[in-house]
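Comments concern the structure below.
The values are calculated or read from the model by the stated rules, or taken from the named source; none is laboratory data. Computed from a predicted structure; not experimentally measured. Reconstructed Cβ throughout: ideal geometry from the backbone, glycine too, with neighbour counts over all protein chains shown. Note: accessible area is taken over every heavy atom of the protein model, side chains too, but ligands, DNA and RNA are not part of it. Shrake-Rupley method; radii C 1.70, N 1.55, O 1.52, S 1.80 Å.
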Amino acid sequence: MTGVLKTLETSPVPVAEADGVSKRFGATVALRDARIAVLPGETHALVGRNGAGKSTLVSLLTGLRKPDSGTLSFAGEPAPAFGDTDAWRSRAACVHQRSTILPDLTVTENLFLGRQSASALRPIRWRRLHDRAGELLGAYGVDLDPRGRASDLTVEQRQFVEIARALSFGARFVILDEPTARLDARGIERLFAKVRELQGQGVAFLFISHHLREVYELCGRVTVLRDARHVVTAPVSELGHAALVEAMTGEPEPAAARGRPASVRTPGRVLLSVDGLTLPGAYDGLSFTVRAGEVVGLAGSASSGNVRAGETVAGLHRAVAGRIEVAGRAVPGGDVPAALAAGVGFVPEDRQAQGLVAGRSVAENATLTVGDQLGPFGTVLPSRSRAFAERVIEDLDITTPGPRTPVVALSGGNQQKVVIARALATDPRVLVAIRPANGVDVRSKEYLLGRIRRVADEEKGALIVSDELDDLRACDRVVVMFHGRTVAGFAAGWSDERLVGAMEGLSGTDEEGC
């Protein structure tokens, strides 16, 4: 008994805790008796499939929503009253995947937005405010000019500003929601180093990510949600990869450890030819091909130029030199309709900003590229639109109440399926997909990459532009870019170490040609 009392006395009080919280939205149960406890100075992972309840739990922990039942507490004290914004800010903050930094303002203005002076009637003392901003950034080791425009910051720097702003309210609990989604490997390393440094100062982090390798690299404990319920909380070191995936999905993890095994099928004719393509500041002299029946990966970090290259093929940029051909037909640069007409389907990098029309339904989003098939003389017949949408919903296994459902009501994985459905609606010869499984759960990722594989199986071609190893494992071969140039090519069966080394500029060996 004495030992139990001693344990209770020495156990740290959680900096943030949810106990038995539930939340409904109409007939939908978003959370049911969920729980989590984040300790001072730890980085605690929160994982689960899309729709598992992670976003709802975050909204409760940040005071955006009120739980229907259960309790919330911070440092042993009950959570502030719902609606007391200042009190919530002093206890919890969230750095979202989509930055809340306003690009037209300075770093100082972003740090102290809404609190530049003591009251609306008192003038803003800019020199003093810039000095305070510099002190705040310096205290957390962020080397930035407070007077600089936020539009000039990198994605990584904007995240540091958001973390500093959150801590400036007094919060010692910060939620990082998919913070690495748009960072390259070096940016991720610097972010993780900053998180560890702040942990040493007693700041606690809740780390939300679909990249399980990052969970094992950064986090001490992990909580898994599935179907709106708490499944397990355990030290990361005691929960193997297969066990973690099984906890998230309720099923054993599919076996996939390296690149695809070598295919016995011989690819067909060249469907996409990129020859000597140059776009200043992005890539120079880029050449590669995609043949019928194959999926080709265009790999590289955020600074490699691979994303801009994929966007160029889809008509979003006009190269200053070089040539793009689809099935032997030259495609003019910087012309999206021309690329679409030539047979290029496109899945953009950011489904929210580039892939979806938020105010429209699933049907409207899925049929944006095929308006000519929905009625005569430019009209859209509702019956045709609905029938077309129902076919793609079935084909992509989109979980939705119906075609008229607003696309924003879907989970991230199902939203991504809608984006891919629209790209496939034109029956393209070549599908260009940029980070097609970004921000989706393990099972949705497996399904989406399998659907892209089917494109190649239909004797068409697919180009996956990504730095994610799971995406690249779906490819028959991988072309690696580094600082705007192709530096290596890998046949199926490549090793993680050699591919990552090439992406990071550590290897320039061209194994199979590009």
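Side notes on the structure shown:
- Residue ID - modelled with the highest pLDDT, chosen from residues in segment 262-285 that are over 19 Å from residue 480 (Cα atoms) and hydroxyl-bearing (Ser, Thr, Tyr): 266
- Here no helices (runs of 4 or more DSSP H) wholly within segment 84-194 include at least 1 residues being in contact with an Asp or Glu (Cβ under 6 Å, 6 or more places away or on another chain).
- Some residue of segment 436-443 being acidic (Asp, Glu) and under 20 Å from residue 210 (Cβ atoms): yes
- Residue in segment 254-261 that is modelled with pLDDT of 80 or more and either surrounded by fewer than 16 Cβ atoms within 10 Å (Cβ to Cβ) or within 23 Å of the chain's Cα centre (by Cα) (or both) present: no
- Among residues that are surrounded by 22 or more Cβ atoms within 10 Å (Cβ to Cβ), on the phi > 0 side of the Ramachandran plot and either in a helix (DSSP H, G or I) or of a type in the set (Gly, Ala, Ser) (or both), residue 439 is included.
Rundown of residues vs (1) out of contact with any strand residue (DSSP E or B) (no Cβ under 9 Å at 6 or more places or on another chain); (2) modelled with pLDDT of 95 or more; (3) acidic (Asp, Glu), yes/no style:
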site	(1), (2), (3)
21	no, yes, no
24	no, no, no
30	no, no, no
50	yes, no, no
69	no, yes, no
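- For segment 204-223, the criterion of being buried (at least 21 other Cβ atoms within 10 Å of the Cβ) and part of a helix (DSSP H, G or I) is met by at least one residue.
- In segment 446-505, the qualifying residues are those that are charged (D, E, K, R) and assigned to a strand (DSSP E or B), and the one that is least open to solvent (accessible area, probe 1.4 Å) is 477.
- Exactly one residue out of 392, 370, 419, 408 is modelled with pLDDT under 80, under 23 Å from the mean Cα position of the chain (by Cα) and part of a helix (DSSP H, G or I): that is 408.
- Members of segment 282-324 that are charged (D, E, K, R), within 23 Å of residue 490 (Cα to Cα), out of contact with any Cys (no Cβ under 9 Å at 6 or more places or on another chain) and outside any helix (DSSP H, G or I): 284, 291
- Considering residues of segment 94-109 that are of a type in the set (S, T, N, Q) and open to solvent by 30 Å² or more (accessible area, probe 1.4 Å) only, the residue farthest from the chain's Cα centre (by Cα): 100
- Just one of the listed residues (167, 121) is at pLDDT below 85, open to solvent by 70 Å² or more (accessible area, probe 1.4 Å) and at negative phi, namely 121.
- Residue within segment 127-140 that is open to solvent by less than 10 Å² (accessible area, probe 1.4 Å) and either under 25 Å from the mean Cα position of the chain (by Cα) or without any contact (Cβ under 8 Å) to a residue 12 or more places away in the chain (or both) present: no
- Residue within segment 334-346 that is in contact with a strand residue (DSSP E or B) (Cβ under 6 Å, 6 or more places away or on another chain), assigned to a loop (DSSP other than H, G, I, E, B), within 22 Å of residue 486 (Cβ to Cβ) and at pLDDT below 95 present: no
- Residues being crowded, with 16+ Cβ neighbours inside 10 Å and in contact with a Phe, Trp or Tyr (Cβ under 6 Å, 6 or more places away or on another chain) are represented in segment 142-157 by at least one member.
- Complete set of residues in segment 299-316 that are over 18 Å from residue 455 (Cα atoms) and either modelled with pLDDT of 95 or more or open to solvent by less than 20 Å² (accessible area, probe 1.4 Å) (or both): 299, 300, 301, 304, 305, 306, 309, 311, 312, 315
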